[in-house]
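J.: Please read through the structure below; I'll follow up with questions.
The numbers here are math on the coordinates, done by the rules we state, and not lab data. This is a predicted model, so every value here is computed, not measured. Every residue, glycine among them, receives a Cβ derived from its backbone with ideal geometry; neighbour counts consider all protein chains shown.
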């Protein structure tokens with residue numbers, strides 16, 4: 001199994017896909033409770049949802065599951081959301097707060113997973129961002145995510161359809177943030193929020209250096225916007241997807257068109 005799948009494009013936009021993979025080594029599967037083996041916290045079908053939306057886009061996808069190690073968490077283990085319920089570098093619970101391990105990974109196991117998988121994903125992502133930046137003088141990282149719209153353990157109420165994260169506007173040029181927000185706000189039949197419960201994970205915060213020409217933005221989609229229902233078997237709903245994809249295409253195309261105006265400031 002190749003831990004990271006890369007498709008190189010010629011354009012200025014790089015799509016990060018850290019949570020769509022479902023592969024786990026047999027020895028890790030054996031450590032999980034039955035609940036953990038359901039892999040409920042996957043970003044189901046996100047790579048399919050975005051496929052083909054922007055010709056020339058580069059994609060970097062983790063093939064391994066986030067229960068092995070979460071490629072969108074700080075490798076030091078520091079929480080992205082201090083004081084709030086969340087899951088860590090190697091999650092000990094699922095998004096509902098239920099333990100997922102029969103035998104929890106040891107610190108040595110966590111470090112081995114970080115070195116083998118987390119580091120491999122970010123080495124690939126970093127290399128592609130640098131390649132794109134060298135070609136265009138700018139690189140835009142669009143980090144693709146999804147999550148159930150109702151998870152009381154993580155947040156109150158119902159999540160909006162589009163959850164845009166720029167860590168309070170620090171990870172990209174204001175024009176990038178404004179363009180994405182405008183498209184989401186005018187998408188008929190959908191709700192959106194900027195820097196709400198999800199402000200951007202470690203990937204967005206780590207790579208977003210707009211003063212150097214690296215712009216990063218995270219999109220957390222509510223799974224109700226494109227799945228038949230937010231429960232197993234997590235079926236992709238083609239009709240919902242067909243309604244959503246034009247808005248995502250508009251976002252990505254707009255970012256690619258915006259790239260030449262950004263550069264290093």
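J.: For the chain, what is the mean residue ellipticity at 222 nm derived from helices alone (per DSSP H run of n ≥ 4: -39500 (n - 2.57); sum divided by total residues; nearest 500 deg cm²/dmol)?
T.: -8500 deg cm²/dmol, from helical runs alone.
J.: Further question: Roughly how many Å is it from the Cα centre of region 98-147 to that of region 18-68, as a whole number?
T.: One Cα centre to the other: 12 Å.
J.: Mind checking which of 91, 75, 233 has the largest fluctuation in a GNM of the chain, springs on alpha carbons under 10 Å?
T.: It is 233.
J.: Take the chain, drop everything but the C-alpha atoms, weight them equally and run the Debye formula without solvent; then report log10 I(q)/I(0) at 0.09, 0.14 Å⁻¹ to two decimals.
T.: Relative scattering, expressed as log10 I(q)/I(0), comes to -0.37, -0.95.
J.: Same structure again: Among 216-227, 100-111, how do they line up from the highest to the lowest mean number of other beta-carbon atoms within 10 Å?
T.: Highest to lowest by the protection proxy: 216-227, 100-111.
J.: Now, a different point. Over region 4-261, what relative contact order in percent results from Cα pairs under 8 Å that are six or more residues apart?
T.: 23 percent
J.: Reported to two decimal places, what Rg/Rh ratio describes region 1-56 when computed on Cα atoms with Rh from the Kirkwood expression?
T.: Answer for region 1-56: 1.07.
J.: Rank 204, 253, 59 by mean-square fluctuation in a GNM of the chain with C-alpha springs under 10 angstrom and give only the top-ranked residue.
T.: Of 204, 253, 59, the Gaussian network model singles out 253 as fluctuating most.
J.: Could you give the angle, 0 to 90 degrees to the nearest 10, between helix 119-136's Cα long axis and the longest principal axis of the Cα atoms of the chain?
T.: The angle comes out near 0 degrees.
J.: Continuing with the same structure: Quick one: what does P(r) look like for region 127-230 with 10 Å bins over all Cα pairs, in whole %?
T.: The distribution over region 127-230 is 16, 44, 29, 10, 1, given as percents.
J.: State, as an integer percentage, the relative contact order of region 2-141 based on alpha-carbon contacts under 8 Å between residues 6 or more apart.
T.: Computed value for region 2-141: 36 percent relative contact order.
J.: Further question: Let me know the Rg and Dmax you get for region 155-194 when you use only its Cα atoms, in Å.
T.: Calculated on Cα positions, Rg and Dmax stand at 10.9, 31 Å.
J.: Another question, if that's okay. Which residue, 76, 211, 241, has the most motion in a Gaussian network model of the chain that connects Cα atoms within less than 10 Å?
T.: So, out of 76, 211, 241, the one fluctuating most is 76.
J.: Next question. With axes computed from alpha carbons, what is the tilt in degrees of helix 238-258 against the longest principal axis of the chain, rounded to the nearest 10 within 0 to 90?
T.: Tilt relative to the chain: about 50 degrees.
J.: How big is the Kirkwood radius of region 193-265, worked out from every pair of different alpha carbons and given in Å to one decimal?
T.: Kirkwood radius, region 193-265: 14.5 Å.
J.: Considering the alpha-carbon set of region 1-147 alone, what are its Rg and its Dmax in angstrom?
T.: When restricted to the Cα atoms of region 1-147, Rg and Dmax are 15.8, 49 Å.
J.: While we're looking at this one, here's another question. Quick one: helix 174-185 against the long Cα principal axis of the chain, what's the angle to the nearest 10°, folded into 0 to 90?
T.: 70 degrees
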